[in-house]
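Worksheet for the structure shown next.
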Amino acid sequence: MDYKKLYKEKLTTAEEAVKHIPSDSRVVTGHATGEPTVIVDAMVENYMQYENVEIVHLVAMGNCGYVRPEMKGHLRHNAIFVGAGTREAVNDGRADFTPSFFYQVPKLFRTSLPVDVAIIQVTPPDENGNCSFGVSCDFTKPAADSAKMVIAQVNDQMPYIYGDNFINIKDIDYIVEVSKPLLELKAPVIGDVERAIGENCASLVEDGSTLQLGIGAIPDAVLLFLKDKKDLGIHSEMFSDGIVDLYNSGAINNSKKSLHPGKMIVTFLMGSKKLYDFVHNNEMVELYPVDYVNDPLTIMKNSKMVSINSALQVDLMGQVCAEAIGLKQFSGVGGQVDYVRGTSMSEDGKSIIAMPSTASKGKLSRIVPFLDNGSCVTTSRTDVEYIVTEYGIANLRGKSLKQRAKALINIAHPGFRDELKKEYAERFKEDF
Ligand code: COA
(Lines give C-alpha, C1' and ligand atoms only; values in the text may rest on other atoms or scores of the structure.)
Protein backbone atom coordinates (compact mmCIF):
# COMPACT_ATOMS: atom_id res chain seq x y z
CA MET A 1 0.00 0.00 0.00
CA ASP A 2 1.29 3.45 -0.87
CA TYR A 3 0.88 5.21 2.49
CA LYS A 4 2.15 8.52 1.22
CA LYS A 5 -0.55 8.58 -1.46
CA LEU A 6 -3.23 7.52 1.03
CA TYR A 7 -2.06 10.20 3.47
CA LYS A 8 -2.34 12.91 0.82
CA GLU A 9 -5.84 11.77 -0.17
CA LYS A 10 -7.06 12.10 3.42
CA LEU A 11 -5.53 15.54 4.08
CA THR A 12 -8.03 18.30 4.77
CA THR A 13 -8.50 21.38 6.96
CA ALA A 14 -9.94 21.30 10.48
CA GLU A 15 -12.98 23.27 9.30
CA GLU A 16 -13.69 20.79 6.49
CA ALA A 17 -13.03 17.73 8.68
CA VAL A 18 -15.55 18.75 11.36
CA LYS A 19 -18.29 19.14 8.72
CA HIS A 20 -18.33 15.32 8.51
CA ILE A 21 -19.42 14.97 12.16
CA PRO A 22 -23.14 14.16 12.10
CA SER A 23 -25.75 15.61 14.44
CA ASP A 24 -27.10 13.27 17.17
CA SER A 25 -23.70 11.62 17.48
CA ARG A 26 -21.21 10.81 20.24
CA VAL A 27 -17.71 12.21 19.74
CA VAL A 28 -14.81 11.00 21.87
CA THR A 29 -11.77 13.30 21.87
CA GLY A 30 -8.22 12.70 23.05
CA HIS A 31 -7.56 14.42 26.38
CA ALA A 32 -4.99 15.90 28.76
CA THR A 33 -1.85 17.11 26.96
CA GLY A 34 -2.75 14.90 23.99
CA GLU A 35 -5.93 16.85 23.22
CA PRO A 36 -6.33 17.51 19.47
CA THR A 37 -6.99 21.18 20.21
CA VAL A 38 -7.17 22.51 16.65
CA ILE A 39 -9.98 20.13 15.67
CA VAL A 40 -11.87 20.49 18.97
CA ASP A 41 -11.70 24.29 18.68
CA ALA A 42 -12.93 24.06 15.06
CA MET A 43 -15.99 22.11 16.28
CA VAL A 44 -16.68 24.81 18.86
CA GLU A 45 -16.30 27.63 16.30
CA ASN A 46 -18.77 25.87 13.99
CA TYR A 47 -21.16 24.69 16.71
CA MET A 48 -24.23 26.00 14.88
CA GLN A 49 -23.86 23.21 12.34
CA TYR A 50 -24.60 20.54 14.96
CA GLU A 51 -27.71 19.43 16.83
CA ASN A 52 -27.27 17.32 19.92
CA VAL A 53 -23.64 16.23 19.68
CA GLU A 54 -22.10 14.74 22.82
CA ILE A 55 -18.38 15.29 23.50
CA VAL A 56 -16.84 12.72 25.85
CA HIS A 57 -13.35 12.64 27.37
CA LEU A 58 -11.57 12.70 30.74
CA VAL A 59 -8.89 15.26 31.70
CA ALA A 60 -9.76 18.72 30.32
CA MET A 61 -6.72 20.92 29.61
CA GLY A 62 -7.66 22.79 26.42
CA ASN A 63 -10.02 25.74 25.90
CA CYS A 64 -13.18 23.72 26.76
CA GLY A 65 -15.32 26.02 24.57
CA TYR A 66 -17.90 23.23 24.24
CA VAL A 67 -19.17 23.95 27.77
CA ARG A 68 -20.06 27.59 27.07
CA PRO A 69 -23.79 28.36 27.67
CA GLU A 70 -24.45 29.17 23.97
CA MET A 71 -23.54 25.55 23.03
CA LYS A 72 -26.89 24.41 24.48
CA GLY A 73 -28.72 22.12 22.02
CA HIS A 74 -25.62 21.91 19.80
CA LEU A 75 -22.71 20.52 21.84
CA ARG A 76 -22.90 18.97 25.30
CA HIS A 77 -19.98 17.62 27.32
CA ASN A 78 -20.12 14.31 29.15
CA ALA A 79 -17.11 14.19 31.51
CA ILE A 80 -15.73 10.94 32.89
CA PHE A 81 -13.28 13.10 34.89
CA VAL A 82 -13.81 16.77 35.75
CA GLY A 83 -11.04 19.35 35.42
CA ALA A 84 -10.62 23.08 35.99
CA GLY A 85 -12.13 23.98 32.58
CA THR A 86 -15.22 21.78 32.95
CA ARG A 87 -15.93 21.84 36.73
CA GLU A 88 -18.23 24.84 36.78
CA ALA A 89 -20.25 23.56 33.78
CA VAL A 90 -20.73 20.12 35.36
CA ASN A 91 -21.80 21.60 38.69
CA ASP A 92 -24.10 24.16 37.01
CA GLY A 93 -25.87 21.44 35.00
CA ARG A 94 -24.52 22.56 31.62
CA ALA A 95 -22.47 19.38 31.29
CA ASP A 96 -22.79 15.83 32.62
CA PHE A 97 -20.57 13.59 34.73
CA THR A 98 -20.45 9.80 34.27
CA PRO A 99 -18.64 7.82 36.99
CA SER A 100 -16.38 5.02 35.75
CA PHE A 101 -13.22 3.24 36.78
CA PHE A 102 -10.60 4.43 34.31
CA TYR A 103 -9.71 0.89 33.19
CA GLN A 104 -13.34 0.27 32.23
CA VAL A 105 -13.73 3.33 29.98
CA PRO A 106 -12.75 1.45 26.77
CA LYS A 107 -15.39 -1.17 27.62
CA LEU A 108 -17.98 1.62 28.00
CA PHE A 109 -17.07 2.78 24.50
CA ARG A 110 -17.72 -0.74 23.20
CA THR A 111 -21.01 -1.15 25.11
CA SER A 112 -23.11 1.59 26.81
CA LEU A 113 -21.43 4.59 25.13
CA PRO A 114 -20.68 3.53 21.54
CA VAL A 115 -18.43 5.94 19.67
CA ASP A 116 -19.54 7.55 16.42
CA VAL A 117 -16.50 9.76 15.90
CA ALA A 118 -13.04 9.67 17.52
CA ILE A 119 -10.92 12.81 17.30
CA ILE A 120 -7.30 12.01 18.05
CA GLN A 121 -3.83 13.56 17.91
CA VAL A 122 -0.93 11.49 16.55
CA THR A 123 2.58 11.69 15.10
CA PRO A 124 3.20 11.75 11.35
CA PRO A 125 3.26 8.19 9.91
CA ASP A 126 6.45 6.10 10.06
CA GLU A 127 7.77 4.07 7.11
CA ASN A 128 4.95 1.52 7.60
CA GLY A 129 2.18 4.13 7.68
CA ASN A 130 1.78 3.83 11.47
CA CYS A 131 1.20 6.96 13.56
CA SER A 132 2.01 6.92 17.28
CA PHE A 133 -0.65 8.21 19.68
CA GLY A 134 2.30 9.78 21.50
CA VAL A 135 1.50 10.97 25.04
CA SER A 136 -2.10 9.74 25.19
CA CYS A 137 -2.94 6.10 24.48
CA ASP A 138 -5.34 5.50 27.44
CA PHE A 139 -8.98 5.44 26.16
CA THR A 140 -8.02 7.33 22.98
CA LYS A 141 -6.71 4.33 21.05
CA PRO A 142 -9.61 2.05 22.12
CA ALA A 143 -12.08 4.83 21.13
CA ALA A 144 -10.44 5.12 17.70
CA ASP A 145 -10.48 1.32 17.35
CA SER A 146 -14.25 1.17 17.95
CA ALA A 147 -15.35 4.45 16.26
CA LYS A 148 -17.26 4.63 12.99
CA MET A 149 -15.14 7.61 11.89
CA VAL A 150 -11.65 8.79 12.92
CA ILE A 151 -10.40 12.35 12.47
CA ALA A 152 -6.71 12.80 13.28
CA GLN A 153 -4.66 15.86 14.08
CA VAL A 154 -1.19 14.89 12.83
CA ASN A 155 1.37 16.92 14.73
CA ASP A 156 5.11 16.66 14.04
CA GLN A 157 5.74 17.91 17.60
CA MET A 158 3.99 14.90 19.17
CA PRO A 159 6.66 12.53 20.56
CA TYR A 160 6.85 9.10 18.91
CA ILE A 161 6.28 6.60 21.72
CA TYR A 162 6.32 2.80 21.56
CA GLY A 163 4.00 0.11 22.96
CA ASP A 164 0.50 -0.75 21.71
CA ASN A 165 0.27 2.93 20.78
CA PHE A 166 -0.25 3.11 17.03
CA ILE A 167 -2.91 3.63 14.38
CA ASN A 168 -2.37 2.99 10.69
CA ILE A 169 -3.12 5.67 8.12
CA LYS A 170 -5.63 3.34 6.47
CA ASP A 171 -7.76 3.43 9.67
CA ILE A 172 -7.98 7.24 9.70
CA ASP A 173 -10.71 8.97 7.66
CA TYR A 174 -9.60 12.61 7.73
CA ILE A 175 -6.19 14.09 8.48
CA VAL A 176 -5.52 17.63 9.67
CA GLU A 177 -1.84 18.56 9.70
CA VAL A 178 -0.50 20.90 12.38
CA SER A 179 2.87 21.79 13.84
CA LYS A 180 2.14 22.93 17.35
CA PRO A 181 3.76 22.48 20.77
CA LEU A 182 1.74 20.13 22.98
CA LEU A 183 -0.19 21.44 25.95
CA GLU A 184 2.03 21.42 29.05
CA LEU A 185 1.31 20.67 32.69
CA LYS A 186 2.45 23.43 35.07
CA ALA A 187 4.92 22.15 37.66
CA PRO A 188 3.19 21.93 41.07
CA VAL A 189 4.33 24.04 44.00
CA ILE A 190 5.98 21.82 46.60
CA GLY A 191 5.92 23.38 50.07
CA ASP A 192 6.91 22.13 53.53
CA VAL A 193 3.69 20.14 53.99
CA GLU A 194 4.12 18.30 50.69
CA ARG A 195 7.79 17.61 51.53
CA ALA A 196 6.84 16.09 54.90
CA ILE A 197 4.19 13.93 53.21
CA GLY A 198 6.69 12.98 50.51
CA GLU A 199 9.22 11.90 53.12
CA ASN A 200 6.61 9.80 54.97
CA CYS A 201 5.52 8.08 51.74
CA ALA A 202 9.11 7.48 50.64
CA SER A 203 9.78 5.68 53.95
CA LEU A 204 7.27 3.01 52.81
CA VAL A 205 9.00 2.43 49.46
CA GLU A 206 11.54 -0.40 49.51
CA ASP A 207 14.33 -0.93 46.99
CA GLY A 208 13.07 -2.95 44.02
CA SER A 209 9.51 -1.56 44.23
CA THR A 210 7.41 -0.76 41.17
CA LEU A 211 5.65 2.58 41.48
CA GLN A 212 2.40 4.18 40.42
CA LEU A 213 2.23 7.89 41.12
CA GLY A 214 -0.88 10.03 40.73
CA ILE A 215 -0.92 13.62 39.60
CA GLY A 216 0.07 16.72 41.59
CA ALA A 217 2.36 18.13 44.23
CA ILE A 218 2.37 15.11 46.53
CA PRO A 219 3.57 12.48 44.04
CA ASP A 220 6.21 14.97 42.87
CA ALA A 221 7.32 15.53 46.47
CA VAL A 222 7.61 11.77 47.01
CA LEU A 223 9.98 11.55 44.05
CA LEU A 224 12.35 14.03 45.74
CA PHE A 225 12.88 11.55 48.57
CA LEU A 226 13.44 8.47 46.40
CA LYS A 227 16.82 9.47 44.94
CA ASP A 228 18.77 7.15 47.26
CA LYS A 229 16.59 4.09 46.53
CA LYS A 230 17.73 1.30 44.22
CA ASP A 231 16.18 -0.66 41.35
CA LEU A 232 12.84 1.12 41.25
CA GLY A 233 10.44 0.46 38.38
CA ILE A 234 7.46 2.29 36.89
CA HIS A 235 4.02 0.89 36.08
CA SER A 236 1.68 3.85 36.28
CA GLU A 237 -1.45 5.39 34.84
CA MET A 238 0.60 8.50 34.09
CA PHE A 239 3.85 10.22 35.00
CA SER A 240 5.32 13.67 34.60
CA ASP A 241 8.65 15.52 34.68
CA GLY A 242 9.68 14.30 38.17
CA ILE A 243 10.27 10.79 36.82
CA VAL A 244 12.92 12.11 34.41
CA ASP A 245 15.01 13.50 37.29
CA LEU A 246 14.56 10.31 39.31
CA TYR A 247 15.63 8.21 36.32
CA ASN A 248 18.69 10.42 35.80
CA SER A 249 19.60 10.00 39.50
CA GLY A 250 19.92 6.22 38.87
CA ALA A 251 17.14 5.20 41.29
CA ILE A 252 14.89 3.91 38.48
CA ASN A 253 16.22 1.14 36.25
CA ASN A 254 13.15 -1.15 35.98
CA SER A 255 15.47 -4.14 36.45
CA LYS A 256 13.46 -5.83 39.24
CA LYS A 257 10.06 -5.54 37.59
CA SER A 258 8.19 -8.83 37.45
CA LEU A 259 6.06 -7.59 34.51
CA HIS A 260 7.70 -5.82 31.55
CA PRO A 261 11.22 -5.84 33.09
CA GLY A 262 13.44 -3.04 31.77
CA LYS A 263 10.45 -0.95 30.66
CA MET A 264 8.43 1.94 32.08
CA ILE A 265 4.77 1.11 31.40
CA VAL A 266 2.21 3.89 31.36
CA THR A 267 -1.09 4.84 29.68
CA PHE A 268 -0.70 8.63 29.37
CA LEU A 269 1.86 11.34 30.10
CA MET A 270 1.55 14.96 31.19
CA GLY A 271 4.46 17.29 31.69
CA SER A 272 6.67 19.82 29.94
CA LYS A 273 8.88 19.63 26.87
CA LYS A 274 11.55 18.08 29.11
CA LEU A 275 9.32 15.00 29.53
CA TYR A 276 8.27 14.93 25.87
CA ASP A 277 11.95 14.97 24.77
CA PHE A 278 12.74 12.16 27.24
CA VAL A 279 10.02 9.82 25.95
CA HIS A 280 10.44 10.53 22.21
CA ASN A 281 11.86 7.45 20.46
CA ASN A 282 12.86 6.05 23.88
CA GLU A 283 12.63 2.25 23.76
CA MET A 284 12.45 2.06 27.54
CA VAL A 285 9.03 3.80 27.66
CA GLU A 286 5.92 2.02 26.39
CA LEU A 287 2.30 3.17 26.35
CA TYR A 288 -0.63 0.74 26.30
CA PRO A 289 -4.40 1.25 26.43
CA VAL A 290 -5.84 1.89 29.88
CA ASP A 291 -7.86 -1.35 29.89
CA TYR A 292 -4.50 -3.14 29.99
CA VAL A 293 -2.28 -0.81 32.09
CA ASN A 294 -4.89 -0.03 34.78
CA ASP A 295 -6.60 -3.41 34.90
CA PRO A 296 -6.11 -4.58 38.52
CA LEU A 297 -5.29 -8.03 37.08
CA THR A 298 -2.38 -6.47 35.16
CA ILE A 299 -1.25 -4.26 38.05
CA MET A 300 -1.14 -7.24 40.46
CA LYS A 301 1.45 -8.98 38.27
CA ASN A 302 4.00 -6.39 39.43
CA SER A 303 5.42 -7.65 42.73
CA LYS A 304 6.23 -4.97 45.37
CA MET A 305 3.79 -2.62 43.62
CA VAL A 306 3.42 0.71 45.49
CA SER A 307 0.61 3.09 44.49
CA ILE A 308 0.49 6.69 45.71
CA ASN A 309 -2.68 8.75 45.21
CA SER A 310 -4.36 11.65 46.96
CA ALA A 311 -7.70 12.54 48.57
CA LEU A 312 -9.98 15.39 49.59
CA GLN A 313 -11.45 13.77 52.73
CA VAL A 314 -11.06 10.58 54.76
CA ASP A 315 -13.60 9.65 57.43
CA LEU A 316 -12.83 7.90 60.70
CA MET A 317 -13.62 4.48 59.18
CA GLY A 318 -11.07 5.04 56.40
CA GLN A 319 -13.55 5.80 53.60
CA VAL A 320 -11.74 7.96 51.05
CA CYS A 321 -13.38 10.69 48.99
CA ALA A 322 -10.99 11.83 46.24
CA GLU A 323 -13.41 13.37 43.76
CA ALA A 324 -16.18 15.48 45.33
CA ILE A 325 -16.77 18.18 47.91
CA GLY A 326 -20.31 17.43 49.07
CA LEU A 327 -22.47 17.26 45.96
CA LYS A 328 -19.95 19.23 43.92
CA GLN A 329 -18.00 17.01 41.55
CA PHE A 330 -14.34 18.08 41.78
CA SER A 331 -12.57 15.47 39.63
CA GLY A 332 -13.32 11.76 39.17
CA VAL A 333 -12.28 8.32 40.32
CA GLY A 334 -9.62 8.19 37.59
CA GLY A 335 -7.33 5.26 38.21
CA GLN A 336 -7.31 5.48 41.99
CA VAL A 337 -9.36 2.36 42.70
CA ASP A 338 -7.76 0.44 39.81
CA TYR A 339 -4.41 0.86 41.59
CA VAL A 340 -5.65 0.42 45.16
CA ARG A 341 -7.15 -2.93 44.14
CA GLY A 342 -4.34 -4.07 41.82
CA THR A 343 -1.75 -3.18 44.46
CA SER A 344 -3.62 -5.02 47.21
CA MET A 345 -3.36 -8.21 45.10
CA SER A 346 0.33 -7.67 44.28
CA GLU A 347 2.86 -9.74 46.24
CA ASP A 348 4.21 -7.41 48.96
CA GLY A 349 2.24 -4.49 47.43
CA LYS A 350 1.32 -1.31 49.34
CA SER A 351 -1.37 1.21 48.44
CA ILE A 352 -0.96 4.71 49.84
CA ILE A 353 -3.45 7.58 49.95
CA ALA A 354 -1.47 10.71 50.86
CA MET A 355 -2.95 14.13 51.55
CA PRO A 356 -2.32 17.28 53.57
CA SER A 357 -4.08 17.08 56.95
CA THR A 358 -6.06 20.26 56.19
CA ALA A 359 -7.76 22.03 53.28
CA SER A 360 -8.86 25.61 52.52
CA LYS A 361 -5.69 27.18 53.91
CA GLY A 362 -5.86 25.22 57.17
CA LYS A 363 -9.52 26.03 57.96
CA LEU A 364 -10.80 22.48 57.44
CA SER A 365 -9.56 19.08 58.56
CA ARG A 366 -9.43 16.48 55.78
CA ILE A 367 -9.78 13.76 58.42
CA VAL A 368 -13.43 14.00 59.44
CA PRO A 369 -15.99 12.02 61.45
CA PHE A 370 -18.27 11.79 58.38
CA LEU A 371 -17.75 12.60 54.71
CA ASP A 372 -19.55 15.81 53.68
CA ASN A 373 -23.27 15.41 53.00
CA GLY A 374 -23.73 14.34 49.39
CA SER A 375 -20.09 13.29 48.91
CA CYS A 376 -19.19 9.92 47.47
CA VAL A 377 -16.79 7.19 48.50
CA THR A 378 -13.96 6.77 46.00
CA THR A 379 -11.87 4.13 47.81
CA SER A 380 -13.95 2.08 50.23
CA ARG A 381 -12.98 1.33 53.81
CA THR A 382 -12.57 -2.30 52.77
CA ASP A 383 -10.06 -1.44 50.05
CA VAL A 384 -8.03 1.21 51.85
CA GLU A 385 -4.56 0.47 53.23
CA TYR A 386 -2.12 3.30 54.16
CA ILE A 387 -3.25 6.89 54.80
CA VAL A 388 -0.39 9.38 55.02
CA THR A 389 -0.37 13.05 56.08
CA GLU A 390 2.45 15.41 57.07
CA TYR A 391 1.94 14.12 60.64
CA GLY A 392 2.59 10.46 59.94
CA ILE A 393 1.38 7.14 58.57
CA ALA A 394 -1.78 5.18 59.45
CA ASN A 395 -1.91 1.56 58.27
CA LEU A 396 -5.61 0.65 58.30
CA ARG A 397 -5.38 -2.85 56.82
CA GLY A 398 -6.65 -5.45 59.28
CA LYS A 399 -7.53 -2.76 61.83
CA SER A 400 -10.89 -2.60 63.65
CA LEU A 401 -13.06 0.50 63.28
CA LYS A 402 -11.85 1.67 66.69
CA GLN A 403 -8.18 1.11 65.82
CA ARG A 404 -8.67 2.92 62.49
CA ALA A 405 -10.24 5.95 64.14
CA LYS A 406 -7.36 6.11 66.63
CA ALA A 407 -4.68 5.78 63.93
CA LEU A 408 -6.33 8.47 61.79
CA ILE A 409 -6.77 10.93 64.67
CA ASN A 410 -3.05 10.53 65.43
CA ILE A 411 -2.15 11.81 61.94
CA ALA A 412 -4.80 14.58 61.84
CA HIS A 413 -3.75 18.21 62.25
CA PRO A 414 -3.22 18.86 66.02
CA GLY A 415 -5.69 21.77 65.83
CA PHE A 416 -8.54 19.36 65.00
CA ARG A 417 -7.59 16.39 67.17
CA ASP A 418 -9.68 17.40 70.26
CA GLU A 419 -12.83 17.58 68.16
CA LEU A 420 -12.10 14.20 66.58
CA LYS A 421 -11.32 12.67 69.99
CA LYS A 422 -14.74 13.83 71.24
CA GLU A 423 -16.34 12.00 68.31
CA TYR A 424 -14.23 8.93 69.13
CA ALA A 425 -15.44 8.93 72.76
CA GLU A 426 -19.08 9.20 71.67
CA ARG A 427 -18.81 6.57 68.97
CA PHE A 428 -16.81 3.95 70.87
CA LYS A 429 -18.09 4.69 74.39
CA GLU A 430 -14.58 5.17 75.77
CA ASP A 431 -12.06 8.00 76.15
CA PHE A 432 -9.48 8.33 73.39
N1 COA B 1 -13.34 20.58 51.70
C2 COA B 1 -13.29 21.75 51.03
N3 COA B 1 -12.31 22.06 50.17
C4 COA B 1 -11.35 21.15 49.96
C5 COA B 1 -11.35 19.92 50.62
C6 COA B 1 -12.38 19.65 51.52
N7 COA B 1 -12.42 18.51 52.19
N8 COA B 1 -10.26 19.22 50.23
C9 COA B 1 -9.61 19.99 49.36
N10 COA B 1 -10.28 21.16 49.20
C11 COA B 1 -9.87 22.25 48.34
C12 COA B 1 -8.42 22.59 48.57
O13 COA B 1 -8.24 23.52 49.63
C14 COA B 1 -8.01 23.15 47.23
O15 COA B 1 -8.48 24.48 47.10
P16 COA B 1 -7.44 25.71 47.11
O17 COA B 1 -6.48 25.41 46.01
O18 COA B 1 -8.32 26.87 46.88
O19 COA B 1 -6.82 25.65 48.48
C20 COA B 1 -8.82 22.33 46.26
O21 COA B 1 -9.94 21.82 47.00
C22 COA B 1 -8.02 21.17 45.66
O23 COA B 1 -7.51 20.36 46.67
P24 COA B 1 -6.09 19.67 46.54
O25 COA B 1 -5.97 18.65 47.58
O26 COA B 1 -5.01 20.71 46.45
O27 COA B 1 -6.23 19.01 45.11
P28 COA B 1 -5.15 18.30 44.21
O29 COA B 1 -5.00 19.09 42.99
O30 COA B 1 -3.91 17.93 44.98
O31 COA B 1 -5.90 16.95 43.82
C32 COA B 1 -7.37 15.13 44.25
C33 COA B 1 -6.28 16.02 44.82
C34 COA B 1 -7.74 14.12 45.32
C35 COA B 1 -8.59 15.94 43.87
C36 COA B 1 -6.80 14.41 42.99
O37 COA B 1 -5.70 13.64 43.35
C38 COA B 1 -7.84 13.51 42.33
O39 COA B 1 -8.64 13.98 41.53
N40 COA B 1 -7.85 12.20 42.68
C41 COA B 1 -8.79 11.24 42.10
C42 COA B 1 -8.22 10.52 40.91
C43 COA B 1 -6.96 9.78 41.20
O44 COA B 1 -6.58 9.54 42.32
N45 COA B 1 -6.29 9.36 40.16
C46 COA B 1 -5.08 8.60 40.34
C47 COA B 1 -4.28 8.39 39.16
S48 COA B 1 -3.71 9.92 38.37
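By a straight-distance test (C-alpha under 22 Å), which lysines pair with Lys328 as possible cross-link partners, with residues fewer than eight away in the same chain excluded?
Lys328 reaches Lys72, Lys361, Lys363.
Among the aspartates and glutamates, select those whose C-alpha is under 12 Å from the C-alpha of Lys421, and discard any that sit fewer than 8 residues away in the same chain.
Candidates past the 8-residue exclusion: Glu430, Asp431.
In segment 24-40, whose amide N lies under 13 Å from the spot 7 Å out along Cα-to-Cβ of Arg68? List them in ranges.
none
Taking the Kirkwood radius as the inverse of the mean 1/r across Cα pairs, report the Rg/Rh of segment 197-260.
When Rh is taken as the Kirkwood radius, the ratio is 0.91.
Under a no-solvent Debye model with one identical scatterer per Cα of the chain, what's log10 I(q)/I(0) at q = 0.06, 0.07, 0.10 Å⁻¹?
Cα-only, vacuum Debye calculation for the chain: -0.26, -0.35, -0.70.
Test of understanding: in a Gaussian network model of the chain with alpha carbons linked when under 10 Å, which of Ser380, Ser136, Ser357 would top the mean-square fluctuation ranking?
Looking only at Ser380, Ser136, Ser357, the largest GNM fluctuation is found for Ser380.
Determine which aspartates and glutamates satisfy two conditions relative to Lys273: a Cα distance under 13 Å, and not lying fewer than 8 residues away in the same chain.
Here the aspartates and glutamates satisfying the reach criterion relative to Lys273 are Glu184, Asp241.
Mean Kyte-Doolittle of at least -1.0 and a Cα length of 20 Å or more along the axis: which whole DSSP H helices of the chain meet both?
TM-like helix candidates: nothing returned.
With r as the distance between the Cβ atoms of Asp156 and Asn373 and R0 = 45 Å, compute the FRET efficiency 1/(1 + (r/R0)^6) and round to 0.05.
The pair Asn373/Asp156 has a calculated efficiency of 0.35.
Could you check how much of the accessible area of the chain is carbon and sulfur, as a whole percent, using a 1.4 Å probe?
After summing per-atom areas, the C and S share lands at 50 percent.
What is the extension gain from Leu183 to Ser272, computed as 0.36 nm multiplied by their sequence separation minus the C-alpha to C-alpha distance, in nm to one decimal?
31.2 nm
In Å², and per residue, what accessible area does the chain have when probed at 1.4 Å with the other protein chains present?
Heavy-atom accessible area per residue stands at 41 Å².
Restricting things to alpha carbons, find the Rg to Rh ratio for segment 177-228 using the Kirkwood radius for Rh.
Expressed as Rg/Rh, it is 1.15.
Of Val67, Pro219, Thr13, whose Cα points farthest to the positive end of the dipole of the chain (charges on the beta-carbon: +1 Lys, Arg; -1 Asp, Glu; origin at the Cα centre)?
Working it through, the farthest residue towards the positive pole turns out to be Pro219.
Seen from all sides and averaged, what is the projected area of the convex hull of the Cα atoms in segment 193-299, in nm²?
6.3
Using all C-alpha to C-alpha distances in segment 1-136, build P(r) with 5 Å bins and read off the rounded percent in each one.
Taking every Cα pair in segment 1-136, the percentages come to 2, 10, 19, 22, 21, 14, 8, 4, 2, 0, 0.
Please give the Cα centre distance for segment 169-245 versus segment 43-68, rounded to the nearest Å.
First find each Cα centre; the distance between them is then 29 Å.
Taking H placed 1.01 Å from N in the peptide plane, check which residues at least 5 places from Thr378 or on another chain put their amide H under 5 Å from its amide H.
Long-range HN contacts for Thr378: Val320, Cys321, Ala322.
Using a Gaussian network model on the chain with a 10 Å cutoff between Cα atoms, which of Asp348, Asp338, Asp138 fluctuates the most?
Taking springs between Cα atoms under 10 Å, the residue moving most is Asp348.
If the elastic network links every pair of Cα atoms under 10 Å, which of Lys361, Lys304, Lys257 fluctuates the most in the Gaussian network model of the chain?
Lys361
Could you give the length gained by full extension between Glu9 and Leu297, i.e. 0.36 nm per residue of separation minus their alpha carbon distance, to one decimal place?
Gain on stretching Glu9 to Leu297: 99.5 nm.
Please compute, over every Cα-Cα pair in segment 210-363, the percentage with a separation greater than 21 angstrom.
Counting every Cα pair in segment 210-363, those more than 21 Å apart make up 44 percent.
Please give, to one decimal in nm, the separation of the simple spin-label points placed at Asp24 and Asn281, each 7 Å out from Cα toward the Cβ.
Placing both labels 7 Å beyond Cα along the Cβ direction yields 4.9 nm.
What is the gain in length, in nm to one decimal, between Asp418 and Glu45 on full extension, counting 0.36 nm per residue of separation less the C-alpha to C-alpha distance?
Answer, rounded to one decimal: 128.7 nm.
The values are calculated or read from the model by the stated rules, or taken from the named source; none is laboratory data. Everything quoted here is computed from the prediction, not taken from an experiment. Every residue, glycine among them, receives a Cβ derived from its backbone with ideal geometry; neighbour counts consider all protein chains shown. Heavy atoms of the whole protein, side chains included, go into the accessibility calculation; ligands, DNA and RNA do not. Shrake-Rupley method; radii C 1.70, N 1.55, O 1.52, S 1.80 Å.
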